[in-house]
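As structure tokens, the structure follows; a few thoughts come after it.
Quick note: the coordinates plus some simple rules give every number you see, no bench work behind them. These numbers were taken from a predicted model, which means no experiment stands behind them.
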Amino acid sequence: MSEKFGISGLTSNARFVLVSILSLILIVCDSHFNLFKDVRYYIESVMSPLFYLADTPSSVAYKVGERFVSYNDLLNENKFLKQQISEMRTELLRFDSLVEENEQLKN
């Protein structure tokens, strides 16, 4: 392919510089004159489903991971709330015994 464009004698660094300069020229021309507006539109129309398909595994993995984190958070919160219930029951028993003792002292 490089023989078609007459750049077969260039080193890889020189080819890189040449392609970079050409790319910059195309970018500048496009930004000033919108030369490739229609081409970009059609390429985006064709590539959009491919981008969506390529992103699907990552998106699914993120959502599944988020669900597991949420599940673990719920388990931890449940454990914490059970501990609080236990502590409050203990406080209630102590309070009930104090109320009973108070009633006995009044009589």
Any idea what diffusion coefficient the range 20-76 gets from Stokes-Einstein, in µm²/s, Kirkwood Rh on alpha carbon pairs, 37 °C, 0.692 mPa s?
220
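When the helix-only estimate is applied to the chain (DSSP H runs of n ≥ 4, each -39,500 (n - 2.57), divided by the residue count), what is the mean residue ellipticity at 222 nm, nearest 500 deg cm²/dmol?
Values: 3 runs with 96 residues, N = 107.
Rounded to the nearest 500, the figure is -32500 deg cm²/dmol.
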Rh by Kirkwood over Cα pairs, then Stokes-Einstein D for the chain at 1.567 mPa s and 4 °C, µm²/s:
59
Check the straight Cα-Cα distances from Lys79 and name the aspartates and glutamates below 15 Å, setting aside those fewer than 8 residues away within the same chain.
Glu87
